[in-house]
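*Asks:* One structure, as structure tokens, below. Some questions next.
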Amino acid sequence: MRPPVLTTCDELRATQGAATIVDASWIYGPFNHAGIDVRKRYDAAHIPGSWFLDLPSFSDPAERHDPRVEVITLPRPEVLRAVLAQAGARPSSPIIVTDMDGGCTTAPFARHALMHAGFDNVRLLDGGTPAWRRGPVGLTAREPRYLSARTVRRSSARAEGKTKVFADYGVVRQAIGEGNRAQIVDSRVDRSNRDVLPSDYVGLEVPATVYLPSSCVLEPADEALRFRRGSELCEIFKGAGIDPGGWKITTCYFGLGASVVATALEIAGFDPVLVYPGSLIEYAVKEGLVQLC
């Protein structure tokens, strides 16, 4: 039986503190027009007992494919496991991931990273932190807690992922070459890449068989967003020509939107699906489509 992807606020309250709650909020610079400091926002109003997962702390600038683009990179599994151990989370522990935009923007990427690191009971909070705010308990400014990769020692050796969640450049290149190996789903909201990536990315793309922007799998929920319901997602995916049972690889600019659409595919039962975390940035650099100084 497929484990649930989402958990409701009522279900989370019923765990009575048994689950580790992780706030994985982050905003990509070009999208952060309001200049929001997500850590300060967490400090001021967060789910009681939750931990703030400092995603940028897991990103090694040396591992960015294009140093001009300040994005979060895939956390190393061994580092993520060591950091989550500080919150008392073991591989089998229930973990609920949220973010301040509805649990459907950066939380899906964090969930996939945790699964990749070997945590096998990770769900997203349906509606995220805004949904919890509307409930009887509400948010608090008391006892903020933080999880940062800066608190653990990094080794030079990288551990392998425990769960197959991500596709690397080689897998994507093979899928493109073979054609029928997997459907590649382009999840970018703006296919021109303007005002999202440097100007030499304009017009570039990872060759895909399906275009489905990540915004299509989300719906408004009061002041935020949430994933559309499973039945509606099924209709969206069928209309886009996505194979319900075949392999899919989702891609976007640098992995976050790809995780959103991959999560929606899971909710609708359209797995198996892999996320290409490097997405267009890695592909363009390795294909020599952009020139780095």
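The values are calculated or read from the model by the stated rules, or taken from the named source; none is laboratory data. For clarity, every value in this text was computed on a predicted model and none was experimentally measured. Counting neighbours? That spans all protein chains shown, and the Cβs are built from the backbone with ideal geometry, glycine included.
*Asks:* Which pairs have Cβ atoms under 8 Å, sit 6 or more apart or on different chains, and link a residue in the stretch 99-124 that is assigned by TED's automatic domain parsing to the domain that holds Ile267 and without any contact (Cβ under 8 Å) to a residue 60 or more places away in the chain to one that is of a type in the set (Ser, Thr, Tyr) and not in a helix (DSSP H, G or I)?
*Replies:* none
*Asks:* Also, I was wondering about something else. Looking at the stretch 188-215 only, could you name the residues that are of a type in the set (A, V, I, L, M, F, W, C) and either over 15 Å from Leu256 (Cβ atoms) or crowded, with 19+ Cβ neighbours inside 10 Å (or both)?
*Replies:* We begin by selecting, within the stretch 188-215, every residue of a type in the set (A, V, I, L, M, F, W, C); these are 189, 196-197, 202, 204, 206, 208, 210, 212.
Matches in the stretch 188-215: Val196, Leu197, Val202, Leu204, Val206, Ala208, Val210, Leu212.
*Asks:* Kindly indicate the residue of the stretch 46-63 that is more than 17 Å from the chain's Cα centre (by Cα) and within 20 Å of Ser279 (Cα to Cα) and also surrounded by the fewest Cβ atoms within 10 Å (Cβ to Cβ) among those meeting that condition.
*Replies:* Looking at the filtered set, the residue picked out is Ala62.
*Asks:* Here's a follow-up. Scanning the stretch 269-293 for residues that are touching a helix residue (DSSP H, G or I) at 6+ places or on another chain (Cβ under 8 Å) and modelled with pLDDT under 95, which turns out surrounded by the fewest Cβ atoms within 10 Å (Cβ to Cβ)?
*Replies:* So the residue we want is Gln291.
*Asks:* Looking at Cys234, is it modelled with pLDDT of 95 or more, over 14 Å from Arg191 (Cα atoms) and not aliphatic (A, V, I, L, M)? Give the derivation first.
*Replies:* On the way: modelled with pLDDT of 95 or more: yes; over 14 Å from Arg191 (Cα atoms): yes; not aliphatic (A, V, I, L, M): yes.
So Cys234 fits the description; yes.
*Asks:* Let me ask something else. Got a number for residues in the stretch 259-279 being among the small types (Gly, Ala, Ser) and under 11 Å from the mean Cα position of the chain (by Cα)? Write out each step before concluding.
*Replies:* Just the residues of the stretch 259-279 that are among the small types (Gly, Ala, Ser), to begin with: 259, 262, 264, 268-269, 278-279.
After this cut, where a residue has to be under 11 Å from the mean Cα position of the chain (by Cα) as well, the list is 259, 262.
Residues meeting the conditions: 2.
*Asks:* In this structure, does Thr129 turn out to be of a type in the set (Ser, Thr, Tyr), within 22 Å of Arg41 (Cα to Cα), assigned by TED's automatic domain parsing to the domain that holds Ala24 and surrounded by fewer than 18 Cβ atoms within 10 Å (Cβ to Cβ)?
*Replies:* Details: of a type in the set (Ser, Thr, Tyr): yes; within 22 Å of Arg41 (Cα to Cα): yes; assigned by TED's automatic domain parsing to the domain that holds Ala24: yes; surrounded by fewer than 18 Cβ atoms within 10 Å (Cβ to Cβ): no.
It is false that Thr129 is of a type in the set (Ser, Thr, Tyr), within 22 Å of Arg41 (Cα to Cα), assigned by TED's automatic domain parsing to the domain that holds Ala24 and surrounded by fewer than 18 Cβ atoms within 10 Å (Cβ to Cβ).
*Asks:* Restricting the search to the stretch 40-59, which residues are touching a residue at least 40 places away in the same chain (Cβ under 8 Å) and of a type in the set (D, E, K, R)?
*Replies:* Hits for the stretch 40-59 are Arg41, Asp43, Asp54.
*Asks:* Is at least one residue of the stretch 94-108 among the acidic types (Asp, Glu) and surrounded by 17 or more Cβ atoms within 10 Å (Cβ to Cβ)? Let's see the steps before the verdict.
*Replies:* First, pick out the residues of the stretch 94-108 that are among the acidic types (Asp, Glu): 99, 101.
So of that shortlist, the ones also surrounded by 17 or more Cβ atoms within 10 Å (Cβ to Cβ) come out as 99, 101.
For the stretch 94-108, residues among the acidic types (Asp, Glu) and surrounded by 17 or more Cβ atoms within 10 Å (Cβ to Cβ): present.
*Asks:* Right, next: When the residues of the stretch 198-257 are narrowed to those that are part of a helix (DSSP H, G or I), in contact (Cβ under 8 Å) with a residue 40 or more places away in the chain and within 21 Å of the chain's Cα centre (by Cα), which ends up farthest from His65 (Cα to Cα)?
*Replies:* Top of the filtered list is Val217.
*Asks:* Checking the conditions here, which among Ala167, Ala182 is of a type in the set (A, V, I, L, M) and either under 18 Å from the mean Cα position of the chain (by Cα) or not assigned by TED's automatic domain parsing to the domain that holds Leu256 (or both)? Before you say what the answer is, go through the steps one by one.
*Replies:* Numbers: Ala182 fails: either under 18 Å from the mean Cα position of the chain (by Cα) or not assigned by TED's automatic domain parsing to the domain that holds Leu256 (or both).
It is Ala167.
*Asks:* Name, by its number, the condition in (1) crowded, with 18+ Cβ neighbours inside 10 Å; (2) in contact with a Gly (Cβ under 7 Å, 6 or more places away or on another chain); (3) closer than 20 Å to Val260 by Cα that does not hold for Glu70.
*Replies:* That leaves (1) as the condition not met.
Residue-by-condition table, conditions (1) of a type in the set (Val, Ile, Thr); (2) in contact with a strand residue (DSSP E or B) (Cβ under 8 Å, 6 or more places away or on another chain); (3) closer than 24 Å to Ile72 by Cβ:
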| site | (1), (2), (3) |
| --- | --- |
| Ser187 | no, yes, yes |
| Ser199 | no, no, yes |
| Phe227 | no, yes, yes |
| Ile236 | yes, no, no |
| Gly241 | no, yes, no |
| Trp247 | no, yes, no |
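*Asks:* Does any residue in the stretch 274-293 that is of a type in the set (S, T, N, Q) come within less than 6 Å, Cβ to Cβ, of a residue that is not in a loop (DSSP other than H, G, I, E, B) six or more places away or on a different chain, and which pairs are these?
*Replies:* Final answer for the pair search is Ser279/Thr251; Ser279/Ala258.
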